[in-house]
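I have placed the structure first, in the form of structure tokens, so that the comments after it can refer back to it.
The values are calculated or read from the model by the stated rules, or taken from the named source; none is laboratory data. For clarity, every value in this text was computed on a predicted model and none was experimentally measured. In this analysis, Cβ positions are derived from the backbone assuming ideal geometry, glycine residues included, and neighbour counts consider all displayed protein chains.
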Amino acid sequence: MANPTVFITGATSGIGRATALLLGNSGFRIIAAGRRTERLEELKTLLPAGSVLTLEFDVRDKAAVKNAIENLPETWKNIDVLINNAGNAHGLSDFQNGDLDDWDMMIDINVKGLLYVSREIIPDMISRGGGRIINIGSIAGKEVYPNGNVYCASKFAVDALSKAMRLDLLKENIMVSEINPGMVETEFSEVRFKGDKEKAALTYKGIEPLRAEDIADVIQFVLTRPKHVNLADILILPAAQASTTLSIRK
Ligand code: NDP
Ligand code: 8X3
């Protein structure tokens, strides 16, 4: 593939932004999606002219997803790689006190949003002979941690959907990879704690977390292997993290 076109959701911050910058500055053509227009505009100034197209939509909005993708300019319609990255945790509460709006948000964004975007892009990929999908899962999609309940469930869903896509899309020549980070210092905890920056910072206090650029590096590595190689399921942790948690009742 010469100058493949990569569609990245959640490109306004953290892992998605770092990936857009790395790939966009390495010869990939980037379709960068998110809700925050000013961030998308800023991204354009940081990438080579003509190498980026920005799209503003909420992944929860089925009609907006469809409209944005259906109306891509002719020169941007051929998507070679989809990176399903948009997502967040909302709240960190024990199950019995969980906030229903937080639960809706995590399921609507992390699971249904990924489905809407994928369902819109995949048929066209198939009609052009194949492509690649990278889903950003999480260690939270492999292990559940206390108070992580619905966020973990949403990421377990991403794990299941990645496996399901790999099976169903094999015959369509679409290679599916899942990248599962541990703790990465991004806006993730600020969103989880509803803008409380001090509380967010405590999440990473005393350890050196991963940086968004570390995950972008792995994504670039996955995309630049020889054609016969699929790095199907990768767990990437900070050196200081072994699992999500240890919890014992005494
Ligand atoms: P950030 O909060 O920094 O970035 C989240 C991105 O998702 C933003 O670009 C945001 O854009 C976008 N997004 C959120 N909600 C929506 C929505 N409704 N519609 C469209 N876009 C949306 O977090 P990260 O970079 O850390 O998170 C990226 C992915 O990595 C997520 O799927 C997360 O679950 C996963 N992950 C993160 C880890 C971490 O420790 N940080 C660890 C493991 C996985 P905007 O607000 O502009 O719409
Ligand atoms: C984010 C990782 O363990 O902080 O998906 O929830 S964790």
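Take the stretch 182-221 and flag every residue that is part of a loop (DSSP other than H, G, I, E, B) and of a type outside the set (A, V, I, L, M).
If the condition is that a residue be part of a loop (DSSP other than H, G, I, E, B) and of a type outside the set (A, V, I, L, M), then Gly182, Thr186, Glu187, Phe193, Lys194, Gly195, Asp196, Tyr204, Lys205, Gly206, Glu208, Pro209 are the ones that fit.
From the residues in the stretch 29-53 that are without any contact (Cβ under 8 Å) to a residue 40 or more places away in the chain and closer than 23 Å to Gly131 by Cα, which one is nearest to ligand 1 (Cβ to nearest atom)?
Top of the filtered list is Ala32.
Being at negative phi and over 22 Å from the mean Cα position of the chain (by Cα) is the filter; apply it to the stretch 198-223 and report the residue that is farthest from ligand 2 (Cβ to nearest atom).
Checking each candidate, the answer is Glu198.
Condition check: at negative phi, touching a strand residue (DSSP E or B) at 6+ places or on another chain (Cβ under 6 Å), assigned to a strand (DSSP E or B) and surrounded by 12 or more Cβ atoms within 10 Å (Cβ to Cβ). Does Ile234 satisfy that?
Against the criterion (at negative phi, touching a strand residue (DSSP E or B) at 6+ places or on another chain (Cβ under 6 Å), assigned to a strand (DSSP E or B) and surrounded by 12 or more Cβ atoms within 10 Å (Cβ to Cβ)), Ile234 qualifies.
Spot the failing condition for Met106; the list is (1) within 13 Å of ligand 1 (Cβ to nearest atom); (2) assigned to a loop (DSSP other than H, G, I, E, B); (3) crowded, with 19+ Cβ neighbours inside 10 Å; (4) among the aliphatic types (A, V, I, L, M), and only one is missed.
(2)
When you go through (1) touching a Leu at 6+ places or on another chain (Cβ under 9 Å); (2) more than 12 Å from ligand 1 (Cβ to nearest atom); (3) closer than 22 Å to Asn78 by Cα one by one for Leu161, which number turns out not to apply?
(3)
Would the stretch 81-95 turn up any residue that is closer than 25 Å to Ala160 by Cα, part of a helix (DSSP H, G or I) and either modelled with pLDDT of 95 or more or more than 10 Å from ligand 1 (Cβ to nearest atom) (or both)?
Yes, the stretch 81-95 contains at least one residue that is closer than 25 Å to Ala160 by Cα, part of a helix (DSSP H, G or I) and either modelled with pLDDT of 95 or more or more than 10 Å from ligand 1 (Cβ to nearest atom) (or both).
Do you know which residues across the stretch 136-151 are within 14 Å of Asn88 (Cα to Cα) and either without any contact (Cβ under 8 Å) to a residue 24 or more places away in the chain or outside any helix (DSSP H, G or I) (or both)?
Within the stretch 136-151, Ile136, Gly137, Ser138, Gly148 meet the criteria.
So the check is Cβ under 7 Å with 6+ separation or different chains; which pairs have a first residue in the stretch 198-217 that's among the aliphatic types (A, V, I, L, M) and a second one that's modelled with pLDDT under 95 and more than 11 Å from ligand 1 (Cβ to nearest atom)?
Hits for this filter: Ile207/Ala240.
Being hydroxyl-bearing (Ser, Thr, Tyr), in contact with a helix residue (DSSP H, G or I) (Cβ under 8 Å, 6 or more places away or on another chain) and not in a strand (DSSP E or B) is true for just one of Ser177, Ser154. Which residue is that?
Ser154
If I ask for residues that are out of contact with any helix residue (DSSP H, G or I) (no Cβ under 6 Å at 6 or more places or on another chain) and either within 11 Å of ligand 1 (Cβ to nearest atom) or within 18 Å of Ile236 (Cα to Cα) (or both), which ones from the stretch 185-207 would you list?
Selection gives Glu185, Phe188, Val191, Arg192, Tyr204, Ile207.
Please list, ordered by first then second residue, the pairs with beta carbon atoms under 7 Å, 6 or more apart or interchain, first in the stretch 76-105 and charged (D, E, K, R), second in a loop (DSSP other than H, G, I, E, B).
That search, which allows pairs on different chains as well, returns Asp80/Met1; Asp80/Pro4; Asp94/Asn147; Asp99/Gly91; Asp99/Ser93; Asp102/His90; Asp102/Gly91.
Could you go through the stretch 164-171 and let me know if any residue there is aliphatic (A, V, I, L, M) and within 8 Å of ligand 1 (Cβ to nearest atom).
no
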